[in-house]
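S.K.: The structure that follows is given in the form of structure tokens.
The values are calculated or read from the model by the stated rules, or taken from the named source; none is laboratory data. The model shown is predicted, which means the values in this text are computed figures rather than measured ones. For neighbour counting, all protein chains shown are included, and Cβ atoms are generated from backbone atoms with ideal geometry for every residue, glycine included.
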Amino acid sequence: MNVRRRFVWRKSDGPTEVTVEARDGGRVTFKTGDGEIVADFARLSDGRRTVILPSGRQLTGRAVARPDGRVEVWIGARRIHLELADPLRAIAAESAQAAGGATEVRAQIPGRIVEVRVGPGDRVAAGTTLLVLEAMKMQNEIRADSAARVARIDCAAGQAVESGALLVLLESEPVA
């Protein structure tokens, strides 16, 4: 199965569009206005991903997809922010929110729940910290993207969670 996504990489010298296409067999293609790179790609057992470039250089890191369409890529100490360049995704997200759709808050990386700061039925504003997840010796505050009501909590303090685990289910608050 081929997966193709277009991103915008906002660099200091201006935005650059990047197309990433992952194909069966562990090959990935990165395309920008400057050209194309075809590389070998693999997922490691610890959740990281590795890319071996044609030059033989190997890059290993983590990619974390956010619900708003942003992707954060960590390669060593360097962090790169990408935004989905897909306006249909943004429209679909806005439609789901306007229709009162539910939002699943999932663990983007494996870790341990340090603290749960909300409970079922709580109303939260955009930016409210829902819980604290410790991963790679760092405490990460997981926040609500928009105003919502907490429908369900699927984790507890002290619990180890895997990447992709459902943590909190939020129901959108109707727009007044």
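S.K.: P67 passes all but one of (1) modelled with pLDDT under 80; (2) assigned to a strand (DSSP E or B); which number fails?
M.R.: Of the numbered conditions (1) modelled with pLDDT under 80; (2) assigned to a strand (DSSP E or B), the odd one out for P67 is (2).
S.K.: For residues that are surrounded by 12 or more Cβ atoms within 10 Å (Cβ to Cβ) and basic (K, R), scanning just segment 124-176, find the one that is modelled with the lowest pLDDT.
M.R.: Top of the filtered list is R143.
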